[in-house]
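The values are calculated or read from the model by the stated rules, or taken from the named source; none is laboratory data. Model, not experiment: these values are computed from the prediction. Don't worry about glycine lacking a Cβ; one is built from the backbone with ideal geometry, like all the others, and counts go over all protein chains shown. For the accessible areas, the whole protein counts, side chains as well, though only heavy atoms, and no ligand, DNA or RNA atoms are used. Shrake-Rupley method; radii C 1.70, N 1.55, O 1.52, S 1.80 Å.
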Amino acid sequence: MTYTIGETAELLGVPASTMRYYDKEGLLPELSRGAGGRRVFADKDLEALKVIDCLKQSGLHISEIRQFMQWYQQGDETLEQRRALFQNCRASLIEQMKQLQRTLEIVEYKCWYYETATRRGSERAVLDLPEDQIPERIRGYRGRLEV
């Protein structure tokens, strides 16, 4: 099946300008052109766009995504490079998730802290609370924030 750029944009939830940019940057080397030079997207192009979006969301730069797409075009001789790229993406995402979890823990503590301080009318009332009166789910966070 084939799709116009508008249909493709709607299917993938990205602006048509993004797909034009990807095409201009050489990320869609197999993209066909129809009458008047209009881009015609096939199912394989939608799959490629989904992979490109995944790589972009993983934090790769356009040049790195372009390199991946070139490796893909070269076929089986670049399987190792493509595998390594995705393993690096996975490791980077795992580290980002750990950092986000640490950030969320601080935010959770601060939400509790300010809710409690507001209810008690003072930050001092929260700071003076014994550890066993802090909710168990956030109990260890206070120590991470003290300087």
task: Scan region 102-127 and report the pairs whose first residue is farther than 14 Å from GLY143 by Cβ and whose second residue is open to solvent by 70 Å² or more (accessible area, probe 1.4 Å), with Cβ atoms within less than 6 Å and a gap of 6+ or a chain change.
output: ALA117/GLU123
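Using the structure shown, decide if TYR72 is among the hydroxyl-bearing types (Ser, Thr, Tyr) and either more than 27 Å from ILE5 (Cβ to Cβ) or open to solvent by less than 60 Å² (accessible area, probe 1.4 Å) (or both). Give the derivation first.
On the way: among the hydroxyl-bearing types (Ser, Thr, Tyr): yes; either more than 27 Å from ILE5 (Cβ to Cβ) or open to solvent by less than 60 Å² (accessible area, probe 1.4 Å) (or both): no.
In short, no.
Going through region 112-144 one residue at a time, which ones are within 29 Å of SER58 (Cα to Cα) and either at pLDDT 95 or above or not basic (Lys, Arg) (or both)? Before you say what the answer is, go through the steps one by one.
Here is the first cut: in region 112-144, the ones within 29 Å of SER58 (Cα to Cα) are 141, 144.
Result: TYR141, single match.
Taking the condition open to solvent by 70 Å² or more (accessible area, probe 1.4 Å), more than 30 Å from ARG139 (Cα to Cα) and not in a helix (DSSP H, G or I), does GLU30 pass? It would help to see each step written out before you state the result.
Working: open to solvent by 70 Å² or more (accessible area, probe 1.4 Å): yes; more than 30 Å from ARG139 (Cα to Cα): yes; not in a helix (DSSP H, G or I): yes.
In short, yes.
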statement: Only unsatisfied item for VAL14, checking (1) modelled with pLDDT under 95; (2) part of a helix (DSSP H, G or I); (3) open to solvent by less than 80 Å² (accessible area, probe 1.4 Å); (4) not small (Gly, Ala, Ser), is (2)
message: If I ask for residues that are open to solvent by 60 Å² or more (accessible area, probe 1.4 Å), over 15 Å from the mean Cα position of the chain (by Cα) and free of Cβ contacts under 8 Å to residues at least 24 places away in the same chain, which ones from region 49-69 would you list?
response: SER63, GLU64, GLN67
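Before we move on, is THR103 under 26 Å from the mean Cα position of the chain (by Cα) and either open to solvent by 40 Å² or more (accessible area, probe 1.4 Å) or among the charged types (D, E, K, R) (or both)?
Working: under 26 Å from the mean Cα position of the chain (by Cα): yes; either open to solvent by 40 Å² or more (accessible area, probe 1.4 Å) or among the charged types (D, E, K, R) (or both): yes.
Judged against the criteria, THR103 is a match.
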field: Residues that are touching a Phe, Trp or Tyr at 6+ places or on another chain (Cβ under 9 Å) and polar (S, T, N, Q), drawn from region 1-27
entry: THR2, THR4, THR8
